[in-house]
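The block underneath contains the structure these notes are about, expressed in structure tokens.
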Amino acid sequence: MNERSTHSMFEVTDLSVRYARGEAPVLRDVSLTIDRGESIALVGDSGCGKSTLALAAMRLLPKTAFIRGSIVLRGDNRETPVDILGSDERTIERVRGRRIAMVFQNPIGSLNPVMRIEKQLAEVLRVVRGTSRSTAKRGALESLNRVGIADPVRVGRAYPHELSGGMAQRVALALALAGEPELLIADEPTSALDGIVQAQIVELIRETQRQTNLSLLLITHDMAIAKALTNRVCVIEATRLVDDCPIDQLTAADRHAATARLIQAAEFKRSAAITLMERTI
Amino acid sequence: MTKSTRTSQEIERQTPRLEVSDLHVSFASRSHRRLQRNKPRVHAVRGVDLSLQPGACMGLVGESGCGKSTLARAVMNLIPLDRGTIAVDGNDMHRVESKASRQRIQMIFQHAHASMNPRMTVESVVTDPLRFDDRCTKSERSRRVESALQLAGFDAPLRGRYPHELSGGQLQRVAIARALVLEPDVLICDEPVSALDVSAQVEILAQLKDIQQTRSLTMLFITHDLDIAAAICDRLAVMYLGRIVESGPTHEILRNPQHPYTHYLSAARDLKRTSALQPLMGEPPSPLAPPTGCSFHPRCPIKSDICHSQTPVLLSTSQSSLQHQAACLHSERMDELKEITTNR
Amino acid sequence: MTTANPTNPILWTDHASTSKRRNWLARSAAAIAITFILVALLAPLLAWHQPIVCKYQGQFYFPAISDTASRLPLVGSWFQKAKPFRFPSFDARTALEPDAFALWPPVPYGPMEMVADANRPASRRHWLGTDDRGRDVLARLIHGTCVSVRVGVYSMLLAGIVGIIIGGAAGFYGGAIDWMCSRLIEIMMCFPAFFLILVVMVWIGNGVTGIILVIGLTQWTSIARLVRAEFLSGRELDFVDAARSYGASGWYIALRHLLPAALAPTLVALTFGVADAILLEAGLSWLGLGVGADVATWGGMLRDAYDQIRTHPGLMTAPCTAIFVSVLCCHILGEQLRRSLDPRIGFSESRS
């Protein structure tokens, strides 16, 4: 444990969240650590509290929420650790987008609907990287190119509603990566997308991780995507973290029932297809 | 068509339960240029033929924007057709005025939540269709509602709740109950599980399959997920840009796709698990101006010059099954394509 | 898990207090509005020139009660007053024997009665003083409430009905009907409503019914636009498609599925509309084009007070306060209605 915490760059300790007085908690005593360059997945059914954890990590929870526990971003050893929940707003603003960035499930909704893509990107570049106004536009097109957009000029001129879901998710990813963050939180980045586009985005995230030393916190309900993108899976069931295991030990016999159920669900469609094929052949 | 086995001959003779022939649907583009004189038309469905035997479950698979939901709405008589016919047991649905014969097709909508009036309880949502069933007397209503809810596996104590108080899975069960309460012969399912968690998806799919088999419903199941279609459909039709590009028995299509697009769809499922394959890049072309010839040629790695000019038709390609058809001019080169995608 | 982290003071705010405060405000507004309505309904029991109960020539009479009953909406015409009290020349104050039993209303003066010297300050006999013609200000205020409430409620009912019919038809049928209804709405909105009302009032003369008709038939445009928008967006919703797919008729969809959704914003708009109607009526009466000089109204009181604003500025206070409070009440109530009928706001309040 001691040996491990020296490498960990992001630590959540005993986090509990309730949205209002008298309401049931949405997270209870959740602890997890992410090491530098590591990818972990937070898997659970909808309503289990996994998105709340993502919001807490960016300190985007409503001010009225009741929060206990701590979230610490360590970064590399030169920098002082940042206490996400305890710091003042200005410190947090320097963390958001620069050191922790986030991609949402609904990419079109997470973009500003009345601003052209290149302008949004240029603005983010100016704010988080301090790029000058004149070079920001070129930088915007470059970052579009980096997320696999073949025609950055045309996409840059477009408004968010003119993009397809997959294209918008690429743009959202470009926005998130603009600040060269250490940690990327991806909240169901592919659930709203079709099969082929899903595969494209999974491939893109994989490629990005290969190129940069980016840590990834993937939030999903689909064990298949978790397996494809990460090397450790944390399972949340009904507000509690019930399992935390490396991807290669997922199928071990002594896994928690919730983990087994989620794996089964992911396998079901595939296995049902196989049984059906066997039956009909 | 040449003679095949006896069983398929018998099938050919029967009138299909649901038959869609040469369906064309287009609508005025909702572009932001409101003042444009000649608004471009979106050609959502461009000549689709489907034929479902009684008790069949056909999966209609394609990416979003390929026209599969438009097709469902056209079948439900919710939008006007440009051309073509939709017939149930040989009766043209857009001609008959009788309510009873229209009620033989019912639909489950993609967003269960949006498809229910937020001001009505579950009970009244499911009762509502019965007001328009002339055969059903008032006293019979509650019995029929109860049996429909039971059939859909809905928790009876929750029937007094409002839609926003239910989970996605329960809500979809209400939608199923509402579609079944009129005891239709044909059920159209428009992405019934895509908004649900994987675990809820599994439950709903099992329930649907169960209902389909016990009631011998004819089902058209629309989805973008090949896994889901494969799990519950015995036949598949793959749609790309308003046309069917491949159709046939599910296991044939999954084992031996005869159209490059189907190949990529099926490869995308593996890509979520391993990283051995190259995904199909790019985006589908705009249905405002579909490409000439084969719609898939702008993204196809095995295209040739004739693909630009000649529009392929659905033809039976494999020797083993005449029902397996693909609309590709180069389906003999599929092995080549498989090599291209695996060697990255 | 019941306490927040004390080291995170930023994250600790008690949100309950803000919603409580809003609740308190809305409740007092509702209480005041109900008071206004009760005052309007029971005005003769509060201020009248005839007693509530009295013994006259050996018989019991209930003149103020029967006056109250005969003013009730819809059923008022069933009641008739006992004979001697029905004649205008009959003055209960002088006709009754001094020692006869009589229970008078708390303000024993009628709104048009000249009962004292002009411009008397507030006293035990005249709680708010008297006006330039020696009429009791409180009695006039109480009877002015009747006019304001009637004008506010009835004109908005009329506006609501017209608005729902025109807006609903436009939104539901679309096409040519929508085009015609929309142009009609636009024409009505472009026309300066106050000026239109002035012209019509001059033409049809004074009277409460006239005012109600004129306000109702000019103020329906915003309602119609709301209902049209609700119907238009409702038509696109999946549940309307679902209803069509199981064979529901157009009328059924409009009444059962579309109208309930449109009623909530309409109700809110109507509540705000009541405030506007009260202001409009007061403005018209102030100009002398309102209900008429023979009926006490807040606007009329303001006009009388305005004539001697230099000598007796205090006379403005009572009608001004009444108008201000009633309009404010309508606005607070409308805002609260809007919040409680909007499912999205309700959700975010319960969430955050």
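The values are calculated or read from the model by the stated rules, or taken from the named source; none is laboratory data. Keep in mind the model is a prediction, meaning the values are calculated, not measured. In this analysis, Cβ positions are derived from the backbone assuming ideal geometry, glycine residues included, and neighbour counts consider all displayed protein chains. These accessible areas exclude ligands, DNA and RNA; they are computed on the full protein's heavy atoms, side chains included. Shrake-Rupley method; radii C 1.70, N 1.55, O 1.52, S 1.80 Å.
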Seminar exercise, completed: Ordered by number, the residues of segment A:187-222 with at least 50 Å² less accessible area in the assembly than alone (1.4 Å probe) are A:Asp194, A:Ile196, A:Ala199, A:Gln200, A:Glu203, A:Arg206, A:His221
Problem set entry | Kyte-Doolittle mean at least 0.0, axial Cα span of 27 Å or more - DSSP H helices of chain A | A:257-280
Exercise. Expressed as a rounded percentage, what relative contact order does segment A:107-180 have, with Cα pairs under 8 Å and six or more residues apart?
Worked result: 45
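How big is segment A:142-190 by the Kirkwood estimate over distinct Cα pairs, in Å?
Details: mean 1/r = 0.0880 Å⁻¹.
Hydrodynamic radius (Kirkwood, Cα pairs) of segment A:142-190 is 11.4 Å.
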For this session: List the pair-distance distribution P(r) of segment C:139-351, using every Cα-Cα distance, as the percent of pairs falling in each 10 Å bin from 0 up to the bin containing the longest distance, rounded to whole percents.
Result: 8, 28, 29, 20, 10, 4, 1, 0
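Please give the FRET efficiency for C:Leu41 paired with C:Leu213, using the beta carbon to beta carbon distance and R0 = 25 Å, rounded to the nearest 0.05.
Efficiency for this residue pair is about 0.70.
Can you give the charge dipole size of the protein assembly as shown about its Cα centre, rounded to the nearest 20 debye, using +1 on the beta carbon of Lys and Arg and -1 on the beta carbon of Asp and Glu? Walk me through the numbers on the way to the answer.
Values: 108 positive and 95 negative charges, 315 e Å.
That gives the protein assembly as shown a dipole magnitude of about 1520 debye.
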Exercise. Which FRET efficiency value, to the nearest 0.05, do you get for B:Arg119 and C:Ser340 by plugging their Cβ-Cβ distance into 1/(1 + (r/R0)^6) with R0 = 22 Å?
Worked result: 0.95
For this session: With springs connecting C-alpha atoms under 10 Å apart, model chain B as a Gaussian network and identify which of B:Gly160, B:Gly248, B:Gly65 has the largest mean-square fluctuation.
Result: B:Gly160
Exercise. What order do you get for C:161-169, C:139-147 when each peptide is scored by the mean count of other beta carbon atoms within 10 Å, highest first?
Worked result: C:139-147, C:161-169
Exercise. Between the helical axis of C:221-235 and the dominant principal axis of chain C, each derived from Cα atoms, what acute angle in degrees is found, rounded to the nearest 10?
Worked result: 30
Exercise. What accessible area per residue, rounded to a whole number of Å², is obtained for segment A:107-180 using a probe radius of 1.4 Å?
Worked result: 49
For this session: Can you tell me the equivalent ellipsoid semi-axes for segment C:171-264? Use √(5λ) from the Cα gyration tensor, largest first, whole Å.
Result: 35, 14, 10
For this session: Describe numerically, in nm with one decimal, the distance between label points set 7 Å from Cα along Cα→Cβ at C:Arg310 and at C:Ala82.
Result: 5.1
For this session: Starting from the Cα of A:Glu93, step 7 Å along the direction of its Cβ; do the same at C:Leu287; then give the gap between the two resulting points in nm.
Result: 5.2
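Can you work out D for segment C:95-156 in µm² s⁻¹ from Stokes-Einstein, where Rh is the Kirkwood radius over C-alpha pairs, the temperature is 20 °C and the viscosity is 1.002 mPa s? Provide the component values of the computation, followed by the final result.
Working: Rh = 13.1 Å.
This corresponds to a translational diffusion coefficient of 164 µm²/s.
Enter the accessible area per residue of segment C:49-104 (Å², integer; probe 1.4 Å; all protein chains in place). Could you put the intermediate results ahead of the total?
Values: 3720 Å² over 56 residues.
Solvent-accessible surface per residue comes out at 66 Å².
Carbon and sulfur atoms: what percent of the 1.4 Å accessible area of chain B do they account for?
On the way: 7350 of 15070 Å².
Carbon and sulfur: 49 percent of the exposed surface of chain B.
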Problem set entry | Leading residue at positive end of dipole, chain B (Cβ point charges), from B:Ser316, B:Gly153, B:Asn117 | B:Asn117
Exercise. What accessible surface, in Å², does a 1.4 Å probe find on C:Cys329, ignoring ligands, DNA and RNA and rounding to the nearest 10?
Worked result: 10
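Within segment C:49-104, what whole-number % of the accessible surface is contributed by carbon and sulfur, with the 1.4 Å probe and all protein chains included in the calculation?
Details: 2240 of 3720 Å².
The nonpolar share, carbon plus sulfur, comes to 60 percent.
What per residue convex hull volume, in Å³, comes out for chain B when only alpha-carbon positions are used?
Details: hull volume 56.4 nm³, N = 344.
About 164 Å³ per residue, rounded to a whole number.
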Problem set entry | Buried on assembly, segment A:56-77 (at least 10 Å² less accessible surface than by itself, 1.4 Å probe) | A:Arg59, A:Pro62, A:Lys63, A:Thr64, A:Ala65, A:Phe66, A:Ile67, A:Arg68, A:Gly69
Seminar exercise, completed: If unit charges are put on Cβ atoms (+1 for Lys and Arg, -1 for Asp and Glu) and the dipole of segment C:49-104 is taken about its Cα centre, the option from C:Ile65, C:Leu96, C:Phe79 lying farthest towards the positive end turns out to be C:Phe79
For this session: Quick one: work out the % antiparallel among DSSP beta bridges in the protein assembly as shown, nearest 5.
Result: 60
For this session: Please compute how much accessible surface disappears when B pairs with C, both sides summed, using a 1.4 Å probe, and round it to the nearest 100 Å².
Result: 1700
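For segment C:139-351, what does the accessible surface come to per residue with a 1.4 Å probe? Please give it in Å². Let's see the in-between values first.
Values: 9750 Å² over 213 residues.
Spelled out: the 1.4 Å probe surface of segment C:139-351, per residue, equals 46 Å².
Over all distinct alpha-carbon pairs, what is the Kirkwood Rh of segment A:107-180 in angstrom?
With all distinct Cα pairs of segment A:107-180 included, I get 11.7 Å.
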Problem set entry | Principal-axis tilt of helix C:298-307 within chain C, Cα atoms, nearest 10 degrees | 60
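Just the number, please: carbon plus sulfur as a percent of the accessible area of segment A:159-206, 1.4 Å probe, no ligands or DNA/RNA counted.
Details: 560 of 1050 Å².
Answer for segment A:159-206 is 54 percent, counting heavy atoms of protein chains only.
Take the Cβ-Cβ distance between B:Arg135 and B:Ala156 as r, set R0 to 22 Å, and report the resulting FRET efficiency rounded to the nearest 0.05. Working shown, then result.
Numbers: r = 25 Å, r/R0 = 1.12.
Calculated value: 0.35.
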Seminar exercise, completed: Taking B:Ser115, B:Ser142 and ranking on accessible area (1.4 Å, protein atoms only), highest first, one gets B:Ser142, B:Ser115
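Quick one: work out Rg over Rh on the C-alpha atoms of chain A, Rh as Kirkwood radius. Before the final figure, lay out the partial values.
Details: Rg = 19.5 Å, Rh = 19.9 Å.
For chain A, the value is 0.98.
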Problem set entry | Between 0 and 90°, nearest 10: helix C:137-173 axis offset from chain C longest Cα axis | 30
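Can you tell me the alpha carbon radius of gyration of segment A:1-129 divided by the globular rule-of-thumb value 2.2 N^0.38 Å?
Numbers: Rg = 16.1 Å, N = 129, 2.2 N^0.38 = 13.9 Å.
Ratio of Cα Rg to 2.2 N^0.38 Å: 1.16.
Placing unit charges on C-beta atoms (Lys and Arg positive, Asp and Glu negative, everything else neutral), compute the dipole magnitude of chain B about its Cα centre in debye, rounded to 20. Intermediate values should be presented prior to the final figure.
Numbers: 42 positive and 37 negative charges, 199 e Å.
Dipole about the Cα centre, nearest 20: 960 debye.
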For this session: Nearest 100 Å² is fine: how much accessible area is buried between B and A, summed over both sides, with a 1.4 Å probe?
Result: 3200
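Could you size up the charge dipole of segment C:49-104 around its Cα centre, putting +1 on the beta carbon of Lys and Arg and -1 on that of Asp and Glu, and report it in debye to the nearest 20? Mind showing how you got there, number by number?
Details: 6 positive and 4 negative charges, 40 e Å.
So the magnitude is around 200 debye.
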Exercise. How long is the protein assembly as shown along each principal axis, judged by its Cα atoms, biggest number first, in Å?
Worked result: 117, 78, 55
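Compute for chains A and C the buried accessible surface, both sides summed, probe 1.4 Å, and express it in Å² to the nearest 100. Walk me through the numbers before you get to the answer.
On the way: alone 14470 and 20080 Å², together 32890 Å².
Rounded to the nearest hundred, the buried surface is 1700 Å².
Relative contact order for segment C:49-104 using alpha-carbon pairs under 8 Å, separation at least 6, rounded to a whole percent? Intermediate results must be reported in sequence, preceding the final value.
Numbers: 63 pairs, mean separation 25.4, N = 56.
The value is 45 percent.
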For this session: Find the relative contact order for segment C:218-343 and round it to a whole percent, using C-alpha pairs within less than 8 Å whose residues are 6+ positions apart.
Result: 25
